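The values are calculated or read from the model by the stated rules, or taken from the named source; none is laboratory data. Model, not experiment: these values are computed from the prediction. Neighbour counts run over all protein chains shown; Cβ positions are idealised from the backbone, glycine included.
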Amino acid sequence: MKRVFAIIAIILLGGLYVAALILAILDNPISAQLLKGTFLLTLAVPVLLYFYTWIFKKTKERRMNRETGIREEKKPALIVMLTCNDRTVPNAPEVFAKYKDCDAQYWGYKEEGLPLDEMKALCAEIKKHGKTAVLEVVAYTEEECLKGAEMAVLCGFDILMGTLFFDSVNDYCKKNSLRYMPFVGHVHERPSVLDGDIDEMISEAKEYIKKGAAGIDILAYRYTGDYSELIRRLVAEVPAPVCIAGSINSYERLDEVKAAGPWAFTIGSAFFNNDFGDDFGVQVNNVCRYL
């Protein structure tokens, strides 16, 4: 779109310069005024083009966010994961049915733990009740990651988080209007562990965003290094939504997440372990209102 407007602007300005030249040859008195006006337009058009494309880009981002579930939050959003130890709990449909009216907007689960037909039914229920459905895939080969993306589309999820980044997965998600938030760093094992250099992870994240990823899923509290620095720098330096995923199990860690200000964070096992209270729904509301 930007290129089209640039070509149109070049053609129009070129035409004005030609017209001014012809009028000058014909000794028309308005040629000097036309040339002056054209020169001013030459300076003004690039500025106007920049602001127009910037507004167009922001409008497009907001529309895509509304369509696919990522909202512009004033505070970090809680994604309730119906998972424990990186697997969907067997009674996930019953848990959602009981606590669907809690304050949380985002609900998700993993690609393992439920049969595919139950995954599809649960995703449909989440969306039926006006919630945003999130699938987090813990997979490390291109074949497994692509299979996870296909599963997300088949079930009707709004957002796909996790997987190692592969161009094939990214292209598939873009083709199917699925918001894709891959892992960064060296992720391995299950439950997942994160290794890697922080600078390299930030560089990876920026590269993935340039390629069209909607955001980044970072296993900050599974990091073998300084997770506080990782959270602070990644959120501050990556120009896209960042989700802090995994092992948030205390108000101390909630304070750290709140201070960093990511787009969202996930809690799964901690709710099933009653780390924030005695009742699942009370815990969800406690966390939402604490922020």
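Values as computed for the structure displayed
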{"read-out": "Residue satisfying all of: in the stretch 197-240; of a type in the set (Gly, Ala, Ser) and closer than 19 Å to Met161 by Cα; surrounded by the fewest Cβ atoms within 10 Å (Cβ to Cβ) among these", "value": "Gly212"}
{"read-out": "Some residue of the stretch 254-261 being within 20 Å of Thr88 (Cβ to Cβ) and at pLDDT 95 or above", "value": "no"}
{"read-out": "Helices (runs of 4 or more DSSP H) contained entirely in the stretch 162-265, each with at least 2 residues that are without any contact (Cβ under 8 Å) to a residue 12 or more places away in the chain and over 17 Å from the mean Cα position of the chain (by Cα)", "value": "251-260"}
{"read-out": "Sole exception among (1) in contact with a helix residue (DSSP H, G or I) (Cβ under 8 Å, 6 or more places away or on another chain); (2) within 21 Å of Asn273 (Cβ to Cβ); (3) without any contact (Cβ under 8 Å) to a residue 40 or more places away in the chain for Glu112, by number", "value": "(1)"}
